[in-house]
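Notes for the one structure printed next.
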Amino acid sequence: MYRQTEIINDASQNPSLGGSGETGDLIINVGPQHPATHGVLHLVITLNGETIKKVEPHLGFIHRSIEKMCESLSYRQFIYVTSRMDYLSSHINNHACALCVEKGLQVEIPPRAQVIRVLMDELTRIASHELWWGAMAMDLGAFTPFFHAFRERESINDIMEETCGARLTMNYIVPGGVMQDLHPNFQNKVKAFMQLYKRKIHEYDELVTGNIIFQNRMKNIGYLSPEDAISYGCSGPTARGSGVSCDIRKIYPYEIYDKLEFDEVLETAGDSFARYMIRIREMQQSIRIIEQLIDNIPEGDFQAKTKAVLKLPKGDFYSRVETARGELGVYIVSEGGTTPYRIKFRSPGFSNLSVLDHIARGSKLGDLVAMMGTLDLVIPDIDR
Amino acid sequence: MWSFSHIANEMHEWLSKTFNPTLTLIIEMVIAGVAVIGLFAGLGLVLVIMERKVSAWMQIRLGPNRVGPKGMLQSLADTVKLLVKEGLTPDGADKFLFNLAPFIAMIVAMLLMAPIAFARDFQLWDMNIGVLYVSAVSSIMVISILIAGWSSNNKYSLMGAMRSGAQIVSYELSAGLSVLAIVVLTGSLQVSDIIQSQKDGWWIFKGHIPVIIAFVTFIIAVTAETNRAPFDLAEAESELTAGFHTEYSGMKFALFFLAEYVNVFIVCAIGATLFLGGWMPFHIGNWTDFNHVMDYIPSSIWFFGKTFFLIFVIMWFRWTFPRLRIDQLLNLEWKYLLPISMINLVVVTAMAILKWHF
Amino acid sequence: MLNEELKTKITELLPAATFEEGGDPIAIGWLTIQVEPGDWLSLAQKLRNDNSLLFDYLFCLTCIDWKTHLTMVYHLSSTRYRHNMVVKSKLDRNKPEIESVSAIWRTADFHEREVYEMFGVNFLNHPDLRLLILPDGWEGKNPLRKDFEDAVNMIKL
């Protein structure tokens, strides 16, 4: 799987392009197995001492060609595969696919199902940001926050396990609604979780956010300008850290998001610390959404009546949702059959990764790890 | 009665009566060597389990709890595992240096044991330049790391070694300067003299704020010198996978690991000796009654208690702080610690001349 | 900007563009236009830079294999005006070539490399057109084309 030859475009560095090849550059391979990549990402880094001259991602180590697989799966089946893309926000992936299929079917979703979906999405967002927070601190060499983050994340996973029967790949949101009704304990457990979260949230600031070493490592590092964020197609917290308003929940609301009160979190600094703060504050907004909904889950069906075999009319369908990492787009091209003719997943990680080279140049090797942390890369999401 | 010094003297007397002086010396040296190796291994086991338990406590988990009572034999089991593991030498490595490096690390750590006073009158070698010896020998440590990093023929190792070189050489300065503060106050480099000078109170209490500053500088500097987080740039797990010992496995890795922990012990022992009175019990000026009560606690307990307290502090750092970046690390030393400790040394000198300390 | 206004504006910019009616019947109601591959680069520049359009956010770039031809699909959005648009372009299946837009939208760099390896579309003037996801030795094999066969790894349902 390794690429034998490293292609360096800069002619002065490449002997085969007429350069001397003796510029003192050090090329190191970070990954495919490396503690900082959190998965099988391969970065070829050109270094001058400790300073980064170029970062070149090599992908595909966990590419399963989900897009091709989906072409032979029915509209009910393909949702299960998508849980494996961004496994940390599998609910939201399922949600995006369900929305896209529903657009084609033109079914009306029962209000109960809509509320459940939003609740699940927001819980997933918190769980994902919790894991990110722990992993981010671990990238910077602090191990303890990882376990503190897992304490809260565990209780979310327990909630998911009761209702969905799974802890990671939920496969709970299906076209027409959700797979099954909520577990009777759901409301109590969510309330207990929110209490736990509010009791413990100050630890996050004391342990990591307020730490002077942490702030020095994060501030003024990996600056991403708003123009570049848009041009590179960044979305989610990565772009919002640069002050680009891009929360799909706000600008193209789906489900009941337009009726909910929550703020789109924006920071303008554009550095790693801004991206960090965005996620920390986003968790609080998600808590706010859950608080509004948890006591107001309407009674009724959890699933709309749909046919056993779904058939989408001929045409293109596109749905956009906001995952924990950014904008996920599902593009279905239908020929009128029971399987999609072509599916494209516009994954947030893929575009966010492409900006890494741009923001990493000129900074130190240690900062690359911090930047990758703040981009919140999930490799199966990038590779699909 | 059963103090360490008593046992040592009894043994010496018996040996002198039984053998001629040369043989006595040889036997005593062998005993000392075995004791150091035994202590070395014992400390490794204790400190590893301590680190794991401390980290578990801080990380709201249980830590090792399967092998032996409350998991206390876990590090023994780990040692056995490391012993039977294959010690790989990579093909591209400089084989001689690659195999030499862990032994240098271990020998340096062992040499450092010599001037440490573990209990009242219980010291391997009370040389007259004890403190100087410690700072001189501990600098050799960086050579083993550089050799390990270079000979592994691995870019990660090399980068870790270069970082480590820059780091240890820099932090040696402020560690040395803060040690000098105490040397100036005591007027002697000999470890036993330094401890004796604290019989009416430890330097950290007697020396006002300048000694506290020196103490804090010392702790920061030795944390960096022993490559412990938040200064573990030489290993920097998330950046360099494992830094200079990326290519090491089995027992050769274990020697580095052990040397790191023993180094932590030694620098904490030095810190305890210089600032907290070593084996000297907690004495307050002329309160003879109080001092007498304190003397009932054996001196070895005082020494190990203080040392392990400092080790705990250093472990506390490790499990709380994120890692610094290389330029921040050097900035901290050259722009803050070094000027502060230089000025501090001047202040301490003035204090010593004018006898402002207690 | 509403679709009707967009339509007139784009007709001004590129009279040759054809509008796809009913091709996107129920989706969010985005305007879909068809352009010739040769016209694409100049149109893209205008879409990006025209002050009343400002399509600065290329959020999806992909390709569809229709067995007879390939279709490039660009989903564009404006972060200022919040309007969206879909641009499609038919390519010859045997010699698919289109101008790269990576100089206009930097995100196209990675997305075009993905399309290049998956569909074999040759993006002209792309700064770094190499395999991104597939390992070495996969040049010329295009897994997402409908006629791709891999006896070992593909399971036919």
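The values are calculated or read from the model by the stated rules, or taken from the named source; none is laboratory data. Worth saying up front: this structure is predicted, and the values here are computed from it rather than measured. Methodologically, a virtual Cβ is constructed for each residue, glycine included, from the backbone with ideal geometry; neighbour enumeration extends over all protein chains shown.
One table, with the values for the structure above:
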read-out: Positions within the stretch A:320-333 being of a type outside the set (Asp, Glu) and touching a Lys or Arg at 6+ places or on another chain (Cβ under 6 Å), in sequence order; value: A:ALA324, A:GLY329, A:TYR331, A:VAL333
read-out: All positions within the stretch B:214-267 that are within 14 Å of chain A (Cβ to nearest Cβ) and in a helix (DSSP H, G or I); value: B:ILE220, B:THR223, B:ALA224, B:ASP232, B:LEU233, B:ALA234, B:GLU237, B:SER238, B:GLU239, B:LEU240, B:GLY243
read-out: Flag if C:ASP109 is farther than 28 Å from A:GLU335 by Cβ and within 12 Å of another protein chain (Cβ to nearest Cβ); value: yes
read-out: Residue in the stretch A:162-180 that is within 14 Å of another protein chain (Cβ to nearest Cβ) and either in a helix (DSSP H, G or I) or modelled with pLDDT of 85 or more (or both) present; value: no
read-out: Filtered residue count, the stretch B:279-308, keeping only those that are in contact (Cβ under 8 Å) with a residue 40 or more places away in the chain, on the phi < 0 side of the Ramachandran plot and not in a helix (DSSP H, G or I); value: 7
read-out: Failed item in (1) hydroxyl-bearing (Ser, Thr, Tyr); (2) within 28 Å of A:ASN185 (Cβ to Cβ); (3) within 14 Å of another protein chain (Cβ to nearest Cβ), with A:TYR87 passing the rest; value: (3)
read-out: Within the stretch C:100-138, considering residues that are modelled with pLDDT under 85 and among the charged types (D, E, K, R), the one nearest to A:TYR232 (Cα to Cα); value: C:ASP128
read-out: Selection count where residues are more than 13 Å from chain C (Cβ to nearest Cβ), outside any strand (DSSP E or B) and not polar (S, T, N, Q), scope the stretch A:347-376; value: 14
read-out: Odd one out for A:LYS344, checked against (1) basic (Lys, Arg); (2) more than 12 Å from every other protein chain (Cβ to nearest Cβ); (3) touching a residue at least 12 places away in the same chain (Cβ under 8 Å); value: (2)
read-out: Subset of the stretch A:297-331 [assigned to a strand (DSSP E or B) and farther than 30 Å from A:VAL265 by Cα]; value: A:GLN303, A:GLY315, A:ASP316
read-out: Flag for C:ASN125 being away from every other protein chain (no Cβ under 11 Å) and free of Cβ contacts under 8 Å to residues at least 12 places away in the same chain; value: no
read-out: Pair list, Cβ < 8 Å and 6+ apart or interchain, from the stretch B:341-358 residues that are closer than 12 Å to B:GLY207 by Cα to residues that are of a type in the set (Asp, Glu); value: B:PHE358/B:ASP200
read-out: Neighbours by Cβ (under 9 Å, 6+ apart or cross-chain): first from the stretch A:263-286, assigned by TED's automatic domain parsing to the domain that holds A:LYS200; second part of a loop (DSSP other than H, G, I, E, B) and aromatic (Phe, Trp, Tyr); value: A:ALA269/A:TYR223; A:GLY270/A:TYR223; A:ASP271/A:TYR223; A:SER272/A:TYR223; A:GLN285/A:PHE262; A:SER286/A:PHE262
read-out: Close pairs from the stretch C:19-48: first closer than 23 Å to C:ILE104 by Cβ, partner at pLDDT 80 or above and assigned to a helix (DSSP H, G or I), Cβ under 7 Å, at least 6 apart; value: C:VAL35/C:LEU43
read-out: Number of positions in the stretch A:206-228 that are farther than 30 Å from C:THR107 by Cα and either away from every other protein chain (no Cβ under 14 Å) or touching a Pro at 6+ places or on another chain (Cβ under 8 Å) (or both); value: 5
read-out: Candidates C:LEU43, C:LEU31, C:LEU47 - the one that is away from every other protein chain (no Cβ under 14 Å), crowded, with 18+ Cβ neighbours inside 10 Å, closer than 27 Å to A:CYS246 by Cα and under 15 Å from the mean Cα position of the chain (by Cα); value: C:LEU43
read-out: Residue list for the stretch A:247-293, restricted to those being farther than 20 Å from A:LEU375 by Cβ, of a type outside the set (Ser, Thr, Tyr), within 14 Å of chain C (Cβ to nearest Cβ) and outside any helix (DSSP H, G or I); value: A:PRO253
read-out: Helices (runs of 4 or more DSSP H) contained entirely in the stretch B:124-199, each with at least 2 residues that are farther than 26 Å from B:GLN328 by Cα; value: B:130-138, B:155-186, B:191-196
read-out: Only one of B:ILE27, B:ILE49 that is within 27 Å of B:LEU112 (Cα to Cα), assigned to a helix (DSSP H, G or I) and touching a Pro at 6+ places or on another chain (Cβ under 9 Å); value: B:ILE49
read-out: Residue check for A:ILE156: within 30 Å of A:SER272 (Cβ to Cβ), out of contact with any strand residue (DSSP E or B) (no Cβ under 7 Å at 6 or more places or on another chain) and not assigned by TED's automatic domain parsing to the domain that holds A:GLY39; value: yes
read-out: Residue among B:PRO102, B:PRO64, B:PRO115 that alone is touching a strand residue (DSSP E or B) at 6+ places or on another chain (Cβ under 9 Å) and crowded, with 19+ Cβ neighbours inside 10 Å; value: B:PRO115
read-out: Long-range neighbours under 6 Å by Cβ, at least six apart or interchain, first residue within 9 Å of chain A (Cβ to nearest Cβ) within the stretch C:58-77, second surrounded by fewer than 19 Cβ atoms within 10 Å (Cβ to Cβ) and not in a strand (DSSP E or B); value: C:ASP65/C:ARG145; C:ASP65/C:LYS146
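Quick grid of which residues meet (1) at pLDDT below 80; (2) under 15 Å from B:SER5 (Cα atoms); (3) out of contact with any Asp or Glu (no Cβ under 8 Å at 6 or more places or on another chain); (4) not in a loop (DSSP other than H, G, I, E, B):
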residue: B:ASP91; (1), (2), (3), (4): no, no, yes, no
residue: B:ASN99; (1), (2), (3), (4): no, no, yes, yes
residue: B:PRO102; (1), (2), (3), (4): no, no, yes, yes
residue: B:ILE107; (1), (2), (3), (4): no, no, yes, yes
residue: B:MET113; (1), (2), (3), (4): no, no, yes, no
residue: B:PHE118; (1), (2), (3), (4): no, yes, yes, yes
